[in-house]
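Every number in this text was worked out from the coordinates using simple rules, so none of it is lab data. On a predicted model such as this, the values are computed, not experimentally measured, just so you know. Because the Cβ atoms are built from the backbone with ideal geometry, glycine has one as well, and the counts that use them run over all protein chains shown.
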Amino acid sequence: MRISVFGSGYVGLVTGACLAEVGNDVLCVDIDPEKIKSLQAGRIPIHEPGLEALVARNAAAGRLRFSTEASGAVAHGEALVIAVGTPPGEGGSADLSHVLAVAREIGRHLTLYRVIIDKSTVPVGTADRVAGEISKSLTERGVSCEFDVVSNPEFLKEGAAVADFMKPDRVVVG
């Protein structure tokens, strides 16, 4: 399956590398060109046991690539994974600005049916907000395109993220 992962930080990079490891064609996209250059050169910005070898092996096999081009990522992925940061906002609630920015970007480029997957740590109701932002962007373009939004929360522990992803104790999709 062709999968695009938006965000190449902790969750996005682990998700992309592990999805590639099981045979998927994965494109990780990030807005930080320096991070993408570093990943393309094989330098991993985080310490996670097993991740460097996983990235190297799957990049060499052509199953894992990195880009800054959102349009190419939307065109590539049958499934589009949103795995960007949700730092605490005012009052401690999750700041969804990055998630919603990705949703708008997806809407700017969507031309074929896609499944959009919220992997970021988000509160209940975020899927509806993501769908709304995508729909708004499609309407602004005068385009009609079907899509679905699902949630797939992550339960990765630092230091065990690769193992947690490859052999999860639970998987939630909704």
Q: State which residue pairs qualify: first residue without any contact (Cβ under 8 Å) to a residue 40 or more places away in the chain and hydroxyl-bearing (Ser, Thr, Tyr) and inside region 114-127, second residue crowded, with 18+ Cβ neighbours inside 10 Å and not in a loop (DSSP other than H, G, I, E, B) in any location, beta carbons under 7 Å apart, and separation of 6 or more residues or different chains.
A: THR126/VAL99; THR126/ASP118
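Looking at LYS136, LYS167, which is the one that is under 30 Å from GLY50 (Cα atoms) and of a type in the set (Lys, Arg)? Walk me through it before giving the result.
Numbers: LYS136 fails: under 30 Å from GLY50 (Cα atoms).
So the residue among LYS136, LYS167 that is under 30 Å from GLY50 (Cα atoms) and of a type in the set (Lys, Arg) is LYS167.
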Q. Which one of the conditions (1) surrounded by 14 or more Cβ atoms within 10 Å (Cβ to Cβ); (2) over 21 Å from SER135 (Cβ atoms) does GLY62 fail to meet, given that it meets all the rest?
A. (1)
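Conditions (1) over 23 Å from GLY23 (Cα atoms); (2) not charged (D, E, K, R), marked per residue:
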residue	(1), (2)
ASN58	no, yes
LEU64	no, yes
HIS76	no, yes
LEU96	yes, yes
ARG104	yes, no
THR121	yes, yes
Q.
When you scan region 29-48, do you find a residue that is aliphatic (A, V, I, L, M), over 23 Å from PRO153 (Cβ atoms) and touching a helix residue (DSSP H, G or I) at 6+ places or on another chain (Cβ under 7 Å), even just one?
A. yes
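Listed here are the residues, each with its yes/no results for (1) closer than 19 Å to ALA17 by Cβ; (2) surrounded by 14 or more Cβ atoms within 10 Å (Cβ to Cβ).
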{"residue": "VAL84", "(1), (2)": "yes, yes"}
{"residue": "VAL99", "(1), (2)": "no, yes"}
{"residue": "ARG108", "(1), (2)": "no, yes"}
{"residue": "GLU140", "(1), (2)": "no, no"}
{"residue": "PRO153", "(1), (2)": "yes, yes"}
{"residue": "PRO168", "(1), (2)": "yes, no"}
{"residue": "VAL173", "(1), (2)": "no, no"}
**Q.** In region 128-174, the residues that are without any contact (Cβ under 8 Å) to a residue 24 or more places away in the chain and of a type in the set (Lys, Arg)
**A.** LYS157, LYS167, ARG170
